[in-house]
1. Filter the range 74-132 for residues that are loosely packed, with under 14 Cβ neighbours inside 10 Å and among the aliphatic types (A, V, I, L, M); which is nearest to MET26 (Cα to Cα)?
2. So ASP17 clears everything in (1) in contact with a strand residue (DSSP E or B) (Cβ under 6 Å, 6 or more places away or on another chain); (2) modelled with pLDDT under 75 except one condition, right? Which one?
3. Could you check PRO97 against (1) closer than 18 Å to LYS127 by Cβ; (2) modelled with pLDDT of 90 or more and say which number it fails?
4. Quick one: which residue in ALA33, ALA25 is assigned to a helix (DSSP H, G or I), at pLDDT 65 or above and closer than 24 Å to HIS119 by Cβ?
5. LEU61 passes all but one of (1) surrounded by 12 or more Cβ atoms within 10 Å (Cβ to Cβ); (2) within 14 Å of the chain's Cα centre (by Cα); (3) closer than 17 Å to LEU32 by Cβ; which number fails?
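The values are calculated or read from the model by the stated rules, or taken from the named source; none is laboratory data. Worth saying up front: this structure is predicted, and the values here are computed from it rather than measured. Cβ atoms come from the backbone with ideal geometry, glycine included; neighbour counts cover every protein chain shown.
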Amino acid sequence: MRTTITIDDKLVEEWVDFFRAQPAAMALVEELADRHAAVVCGMVLQETLQGARTEKELAFLQSQLALWHDEAEQPEDFAAAAAIDARLRGQGVTVPPADCLIAAVARRCDLTLAASDPHFARMAGLKFQQTV
């Protein structure tokens, strides 16, 4: 499951699985917490918070995610996300727009993106770690 990553930070998209006690996601998030190496962007925050089923879960998620470093999306990230999408569609691959934006932030910040979605591996210039 694990690969060697040579940079200090990772943009992590596995929060919902972590909070739902999925073993692989839990191991990754715990490792990053120990190293103080996790980064989340606004889109990851939104996707994670949307996983809450109750106001109590939402409050818990907000309190936990507030502990991590966040990297705000910049205007250039949206154009980069559109370019990622266009390149992939040209290859016959459809990817959720949110994932293109997450990848654009990771590329700009030179972060490794840790996620379970295999389509991230098709994104040029993205450092990617498949988590499951």
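1. Among them, the one singled out is ALA121.
2. So the condition that ASP17 fails would be (1).
3. Failing condition for PRO97: (1).
4. ALA25
5. Going through (1) surrounded by 12 or more Cβ atoms within 10 Å (Cβ to Cβ); (2) within 14 Å of the chain's Cα centre (by Cα); (3) closer than 17 Å to LEU32 by Cβ one by one, LEU61 breaks only (2).
Here's the yes/no breakdown for (1) under 12 Å from VAL44 (Cβ atoms); (2) at pLDDT below 95; (3) among the hydrophobic types (A, V, I, L, M, F, W, C):
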| residue | (1), (2), (3) |
| --- | --- |
| GLY90 | no, no, no |
| SER116 | no, yes, no |
| PHE120 | no, yes, yes |
| ALA124 | no, yes, yes |
